[in-house]
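Remarks on the structure that follows.
The values are calculated or read from the model by the stated rules, or taken from the named source; none is laboratory data. On a predicted model such as this, the values are computed, not experimentally measured, just so you know. So basically every Cβ, Gly included, is an ideal-geometry build from the backbone, and we count neighbours across all protein chains shown.
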Amino acid sequence: MHVAVIGAGTMGSGIAQVCAMAGHEVRLCDTDATRNEAAVHSMRASLDRFAAKGRLGDEEPVDVLDRVSLQTSTAAACTAAEVVIETVVERIDVKHEVFREVVAAAPDGALLGTNTSQLSITRIGTVLGDDAGRLVGMHFFNPPVLMRLVELVAGLPTTPATVTRAEAFARSLGKETVVCRKDSPGFLTSRVSAIVRLECLRMVEEGVGTPADIDKALRLGLNFPMGPLELGDFNGLDTYLHALESLEQAHGDRFRPTVTLRNLVAAGRLGRKSGRGIYSYGSDGTMIEGSGMEDGGEGR
């Protein structure tokens, strides 16, 4: 199957890798060529780790990468695509711009997916006209190569056939699915994860505990695979702030971003990708122990 992934950031590169590992031909597109190259570097490192653990079967990392081609033109990426997955920034205007290009270039029967974690699928689809029925939320989780779930979200115009096709495609990637049948901002998962992380930030601000202890408590006491504050740094605090602002608009004050979060983003401390966020990170992206805010370390 031919798959176009639009946006070569952390999620886009991960989704492209998942698709290529499943045997699909992938065109990964970003208007920033340097981001495309960074995505290839990230995929190669990830595939090397899979190979070292014997999880690529008879294939080598280069075999998987050979199924990924890089594009800087959305139109070129979507030509002949059977599935298009948009993974750009969580801004409705940017997504509208991308989908205008997608629907003009992709075949009429292509399945259109958006990896948004909380924006309205119905609203994203308003630029698609009669093609809005082919659009479905396809929310992958970070990192896509390891997380088993794809959350599917039906917009108001999304047809049942589109949801069925999306389920089949997700299964072809070895994923499990759940379906959010009401297009409510935050869907089934993001509302819960956003509110938990927000409460963790409030506890840091109130001096209830250090980031490291709060994350450790949720990992070991509540069986979280990663602490919510560490996950915020991993995904990007700017991305989290955008999500909270949208959720606050939809659901009210309980999602209001904290002052600390706004200040971190304003200072360019966006998490692992910038080297500093709630924690600090080395040049290889490894967290520096004892660096969390209020821990007395470099994160202060």
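Things to note:
- Filter pass, residue 8 being assigned to a helix (DSSP H, G or I) and among the hydrophobic types (A, V, I, L, M, F, W, C): no
- Of the listed requirements (1) farther than 20 Å from residue 142 by Cα; (2) modelled with pLDDT under 95; (3) of a type in the set (S, T, N, Q), residue 258 misses just one: (2).
Matching residues to (1) without any contact (Cβ under 8 Å) to a residue 12 or more places away in the chain; (2) surrounded by 23 or more Cβ atoms within 10 Å (Cβ to Cβ); (3) in a helix (DSSP H, G or I):
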position	(1), (2), (3)
3	no, yes, no
13	no, yes, yes
17	no, yes, yes
23	no, no, no
28	no, yes, no
36	no, no, yes
40	no, no, yes
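- Residue in region 219-237 that is farther than 15 Å from residue 142 by Cα, surrounded by 17 or more Cβ atoms within 10 Å (Cβ to Cβ) and in contact (Cβ under 8 Å) with a residue 24 or more places away in the chain present: no
- Count of residues meeting criterion [of a type in the set (Gly, Ala, Ser) and within 27 Å of residue 90 (Cα to Cα)] in region 187-220: 3
- Odd one out for residue 173 among (1) surrounded by 21 or more Cβ atoms within 10 Å (Cβ to Cβ); (2) aliphatic (A, V, I, L, M); (3) under 21 Å from residue 82 (Cα atoms); (4) in contact (Cβ under 8 Å) with a residue 40 or more places away in the chain: (1)
- For residue 249, the conditions (1) in a helix (DSSP H, G or I); (2) in contact with a helix residue (DSSP H, G or I) (Cβ under 9 Å, 6 or more places away or on another chain); (3) surrounded by 14 or more Cβ atoms within 10 Å (Cβ to Cβ) all hold with the exception of (3).
- Tally, over region 66-99, of residues that are assigned to a loop (DSSP other than H, G, I, E, B) and either touching a residue at least 40 places away in the same chain (Cβ under 8 Å) or among the aromatic types (Phe, Trp, Tyr) (or both): 11
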